[in-house]
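Below is one structure, written out as C-alpha cells; the observations come after it.
The values are calculated or read from the model by the stated rules, or taken from the named source; none is laboratory data. Predicted, not measured: the structure shown is a model, and the values here were computed from it. Methodologically, a virtual Cβ is constructed for each residue, glycine included, from the backbone with ideal geometry; neighbour enumeration extends over all protein chains shown. Ligands, DNA and RNA are excluded from the accessible area calculation, which covers all protein heavy atoms including side chains. Shrake-Rupley method; radii C 1.70, N 1.55, O 1.52, S 1.80 Å.
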Amino acid sequence: MAQFRVGVGYDIHRLIEGRRLVLGGVELLHDKGLAGHSDGDVVLHALADALLGACNLPDIGDLFPDTDPKLKGVDSRKLVAEVIARVRKTGFEPNNADCIIHAERPRLTEHKRKIADSIATLLGIDAGRISVKAKTAEGMGPVGTFDAIAATVVASVVQRD
C-alpha cells in the first residue's frame, strides 16, 4: 500500500505600491503587489511549505533565505519547481492541494480557476486535484484592512510505486 502524507503551509505578505500582484503563479491587475524578497507569491510559498512539510523537509525560509541576493525578485514558480524536485527525491509525488487565499481585494472569484490551473501545471497533476478558495477577513486584521494578503494550503503527497 502506497504511503500518503499531508502538509500545511501558510504565508502572509504586506501589500505595497510599485509591485506586481502574483498569486499562484498568475499575475493579477491590481494597484498594489506583495512585498517580499522574491515575487511575494503567498500562494506558492504556502504550497511549497505544505509540500515540504508533508515530506519532513526544511521549510522555504531555510531553503531559500531572504538574505540570498540571487533570489531577489525570483519567480516563485522556480522555487516550487525546486521543492517538487526535493519531494521527488524522497520518493513521493504531489497528489493534491487545497488552497485558501485570504484577501479583501482584489476579488478573486474570476481568477480562481486560472490559479488552480497554474498550480496544477506546476505540480504536474490534473487541475481537478487543485482547489482554490478565496476568503475575506470581514475588515479585521491586516488582511481586512487591505494591508496584506495571506494564503493557507494543505497539500498531500503519495509514495511512488
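Within the stretch 85-161, which strands (runs of 3 or more DSSP E) (wholly inside it) include 2 or more residues that are within 17 Å of the chain's Cα centre (by Cα) and free of Cβ contacts under 8 Å to residues at least 40 places away in the same chain?
Working: elements: 92-102, 130-135, 148-159.
Ranges flagged: 130-135.
Name the pairs whose Cβ atoms lie under 6 Å apart, with the first residue in the stretch 1-13 and outside any strand (DSSP E or B), the second modelled with pLDDT of 95 or more, and 6 or more positions between them or separate chains?
Final answer for the pair search is Ala2/Val158; Ala2/Gln159; Gln3/Gln159.
Please count how many residues of the stretch 44-71 are touching a residue at least 24 places away in the same chain (Cβ under 8 Å) and in contact with a helix residue (DSSP H, G or I) (Cβ under 7 Å, 6 or more places away or on another chain).
Residues meeting the conditions: 10.
Take Asn56 and decide whether it is open to solvent by 60 Å² or more (accessible area, probe 1.4 Å) and not in a helix (DSSP H, G or I). Don't jump to the end; show me each part of the working.
On the way: open to solvent by 60 Å² or more (accessible area, probe 1.4 Å): yes; not in a helix (DSSP H, G or I): yes.
For Asn56, the condition - open to solvent by 60 Å² or more (accessible area, probe 1.4 Å) and not in a helix (DSSP H, G or I) - is met.
If we keep just the residues of the stretch 64-77 that are open to solvent by 60 Å² or more (accessible area, probe 1.4 Å) and either in contact with a Leu (Cβ under 9 Å, 6 or more places away or on another chain) or among the hydroxyl-bearing types (Ser, Thr, Tyr) (or both), which is farthest from Asp39 (Cα to Cα)?
Pass one, the stretch 64-77, residues open to solvent by 60 Å² or more (accessible area, probe 1.4 Å): 66-67, 69-70, 72, 77.
Filter again for either in contact with a Leu (Cβ under 9 Å, 6 or more places away or on another chain) or among the hydroxyl-bearing types (Ser, Thr, Tyr) (or both), leaving 67, 77.
Working: Thr67: 14, Arg77: 10 Å.
Top of the filtered list is Thr67.
Specify which of the listed residues (Ala81, Ala46) is small (Gly, Ala, Ser), modelled with pLDDT of 95 or more, assigned to a helix (DSSP H, G or I) and touching a Phe, Trp or Tyr at 6+ places or on another chain (Cβ under 6 Å).
On the way: Ala81 fails: touching a Phe, Trp or Tyr at 6+ places or on another chain (Cβ under 6 Å).
Unique residue meeting the criteria: Ala46.
Mind counting the residues in the stretch 87-114 that are farther than 24 Å from Gln159 by Cα, surrounded by 22 or more Cβ atoms within 10 Å (Cβ to Cβ) and of a type in the set (Val, Ile, Thr)? First the steps, then the outcome.
In the first step, residues of the stretch 87-114 are kept if they are farther than 24 Å from Gln159 by Cα; the result is 100-114.
Next cut, surrounded by 22 or more Cβ atoms within 10 Å (Cβ to Cβ) only: 101, 103.
Subset that is of a type in the set (Val, Ile, Thr): 101.
Residues in the stretch 87-114 being farther than 24 Å from Gln159 by Cα, surrounded by 22 or more Cβ atoms within 10 Å (Cβ to Cβ) and of a type in the set (Val, Ile, Thr): 1 in total.
Go through the stretch 61-78 and give me each residue that's part of a helix (DSSP H, G or I), more than 22 Å from Ser131 (Cα to Cα) and out of contact with any Phe, Trp or Tyr (no Cβ under 7 Å at 6 or more places or on another chain). Write out each step before concluding.
Initial filter on the stretch 61-78 (part of a helix (DSSP H, G or I)): 61-63, 69-71, 76-78.
Subsequent filtering for residues that are more than 22 Å from Ser131 (Cα to Cα) retains 61-63, 69-71.
Scanning the stretch 61-78 gives Gly61, Asp62, Leu63, Pro69, Lys70.
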